[in-house]
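Enquirer: Once you've had a glance at the structure underneath, I'll fire off some questions.
The values are calculated or read from the model by the stated rules, or taken from the named source; none is laboratory data. The structure displayed is predicted, hence computed values, not measured ones. Here the Cβ positions follow ideal geometry from the backbone for every residue, glycine too, while neighbour counts run over all protein chains shown.
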Amino acid sequence: MRTILILLAAMLTCPPLLAYKNPALNYKEETPATGTHIRRDVLFDSWLPLNQTYGELSAEYKAKLRATYSPMAADDEPPFPVRGLGPSIVQLREVHRRIGGGGEMKLILSVDAEGNVGDVSVYSASNERMAYYGAILLSKEKFKPGLCHGVPCAMDFMYRFEYAFFDDVIDNTLVK
């Protein structure tokens, strides 16, 4: 009994161990489509976890993110969405459900030293409407600013989103 109490006390005093989130590289629909109980994967094999903030990323995933930038000093960090990638993926998925079609979109977001998005440039997009609404949506996202030698600085963040054809597209007239 004493051992159980000691283990329980140790677990309660170590909240970081209890709060650890396993990296989610796939995103499933909130609710399954009509006629099934199976939720479909909406995003497959993300290169970064969708459910973690920058501070929660492992050293391996931080290194992957840093590798997409030109050589960075040891005390430099790239910008990253404050809430992680997941919430914006959910919003982009809803926009995509209304527009339909398939393809990919790459947007370059200019993040200032306060973590606000300034300019949004479309690097590539297979659907103009998706790029337009994606740019509007992501321009409102709050970021952890990039760090240059430990000091917040302006830096770009490339946002990649691939989308597939879905048979449950909502009426196109809802989004124009």
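Enquirer: Condition check: of a type in the set (Gly, Ala, Ser) and within 18 Å of the chain's Cα centre (by Cα). Does Gly115 satisfy that? Show your work before the answer.
Expert: Details: of a type in the set (Gly, Ala, Ser): yes; within 18 Å of the chain's Cα centre (by Cα): yes.
Taking the combined requirement at face value, the residue satisfies it.
Enquirer: Scan region 81-124 for residues that are in contact (Cβ under 8 Å) with a residue 60 or more places away in the chain and in contact with a Pro (Cβ under 9 Å, 6 or more places away or on another chain) and report the count.
Expert: 3
Enquirer: Is it true that Tyr69 is part of a loop (DSSP other than H, G, I, E, B) and closer than 17 Å to Trp47 by Cα?
Expert: When the stated conditions are applied, Tyr69 passes them.
Enquirer: Which of (1) in contact (Cβ under 8 Å) with a residue 12 or more places away in the chain; (2) under 19 Å from Cys153 (Cβ atoms); (3) outside any strand (DSSP E or B) is the odd one out, the single condition Tyr133 does not satisfy?
Expert: Failed condition: (2).
Enquirer: Return the residues of region 121-148 that are aliphatic (A, V, I, L, M) and over 19 Å from Leu65 (Cβ atoms); say none if nothing qualifies.
Expert: Hits for region 121-148 are Val122, Ala125, Met130, Ala131, Ala135, Ile136, Leu137.
Enquirer: Next question. Of the numbered conditions (1) farther than 20 Å from Ile89 by Cβ; (2) modelled with pLDDT of 95 or more; (3) not basic (Lys, Arg), Val117 fails exactly one; give the number of that condition.
Expert: (1)
Enquirer: I'd like to verify a number: residues in region 73-108 that are crowded, with 17+ Cβ neighbours inside 10 Å, at pLDDT 85 or above and not in a helix (DSSP H, G or I), how many?
Expert: The qualifying residues number 10.
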